[in-house]
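Reading through the structure tokens given below for one structure.
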Amino acid sequence: MDPQIGERLTELCSLLKKVEQEHETKEQNLSSVTKTRDKQSEQANNKPSQKQKIKGLYKTAIQSHETESKALREALDVVVDIRQTLRQYQKKLIANVNNNPTSGGVRRGALMKILQQSASALPLFIPEKLGETAPPLCGCIPAEQSYVAKSGDLVAAFVPSPDGDGSKVWVLGEVLQYILGAGKYEIDDIDEEQKERHSIGRRRVIPLPTMRANPSTNPEALFPKDTIVLALYPQTTCFYGAIIDKSPEDPSQDYMVSFEDPTYTEGYSPPYAVPQRYVIASRDPKK
């Protein structure tokens, strides 16, 4: 195991113990509020001192809830960091396999599994307060216009088709760097079989979501039914036009999308499950 991961796991265990302690404190404070409130409700007249007491208990309960929430967020940050470290470690292993002429490279089935794991490991956005809107790159919320994807970020890139027929397609790629003077990205095709590196303008690059949206707290960050989108076709690394059949009803669910397909009477395929990570707003790269 990577020593850095071991250190972060130790830190996570410590934080989880802290979360448990803060949770117990919060429950005790809530119990005190309930008991005091019930006792006061049985009395005909409550003195000002009694009202002040219940206010103080409410304040303490709120503070303990905020402390528990802070501890949980610290633990979640460590989980995200561990996942990112594991992904970098995984990328190194893949690179070593692909650079070994006797290995035959990473099999497509293994690549598809890695992409699925990447989608399920995407952090879930948790609002700090009720009604907080989702930030850019959470679910369907696009990046800000000034946003520049970082090295290692996954994007959809509009590049020449690997079929070599002169057409262009949206493929899943990894950002190597952004060349500020040229206003272009250098991007590697995620499909190692293609071994393609592209230099393309920002208009032909769409950053993928960096957080999942929770339908319960941030429904505005999910594409509604009948929205036209770009979605990663199952078992491929290409994005195609599709329509939303059903949005996720809980954070663990995928979208159900139908892909544009002229071989079907209605012009769309039967619904496929596609994770939030790989469903993005449709864009005309020529505009």
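Structure notes:
- The lone criterion from (1) among the charged types (D, E, K, R); (2) in contact with a His (Cβ under 8 Å, 6 or more places away or on another chain); (3) under 24 Å from THR133 (Cα atoms) left unmet by ASP189 is number (3).
- Among residues of segment 50-66 that are in contact (Cβ under 8 Å) with a residue 40 or more places away in the chain, those with a Cβ under 6 angstrom from a residue that is of a type in the set (D, E, K, R), sequence gap 6+ or separate chain, pair up as SER64/LYS26.
- If you check SER118, SER103 for being assigned to a helix (DSSP H, G or I) and either aliphatic (A, V, I, L, M) or at pLDDT below 90 (or both), only one passes: SER118.
- Checked against (1) out of contact with any Phe, Trp or Tyr (no Cβ under 7 Å at 6 or more places or on another chain); (2) farther than 18 Å from PRO251 by Cβ; (3) at pLDDT 85 or above, VAL148 meets all criteria but (1).
- Applying the condition of being among the small types (Gly, Ala, Ser) and in contact with a Ser or Thr (Cβ under 8 Å, 6 or more places away or on another chain) to segment 151-175 and asking which residue is modelled with the lowest pLDDT yields SER161.
- Evaluation of LEU137 against (1) on the phi > 0 side of the Ramachandran plot; (2) modelled with pLDDT under 90; (3) not small (Gly, Ala, Ser) (one fails), failing number: (2)
- Residue pairs meeting the criteria (Cβ under 9 Å; at least 6 apart or on separate chains; first within 15 Å of GLN117 (Cα to Cα), in segment 68-97; second at pLDDT below 85 and of a type in the set (Lys, Arg)): VAL79/ARG8; ILE82/ARG8; THR85/ARG8
- Tallying residues that are under 14 Å from the mean Cα position of the chain (by Cα), buried (at least 17 other Cβ atoms within 10 Å of the Cβ) and polar (S, T, N, Q) within segment 211-264 yields 2.
- From the options GLY166, GLY131, residue that is surrounded by fewer than 11 Cβ atoms within 10 Å (Cβ to Cβ), closer than 30 Å to HIS65 by Cα and out of contact with any Gly (no Cβ under 8 Å at 6 or more places or on another chain): GLY131
Every residue, every condition in (1) modelled with pLDDT under 90; (2) touching a helix residue (DSSP H, G or I) at 6+ places or on another chain (Cβ under 6 Å); (3) more than 15 Å from ILE280 (Cβ to Cβ), yes or no:
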{"site": "GLU186", "(1), (2), (3)": "no, no, yes"}
{"site": "VAL205", "(1), (2), (3)": "no, no, no"}
{"site": "ARG212", "(1), (2), (3)": "no, yes, no"}
{"site": "THR217", "(1), (2), (3)": "no, no, yes"}
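The values are calculated or read from the model by the stated rules, or taken from the named source; none is laboratory data. Not measured: the values here are computed from a predicted model. FYI the Cβ positions are ideal-geometry reconstructions off the backbone, even for glycines, and counts take in every protein chain you see.
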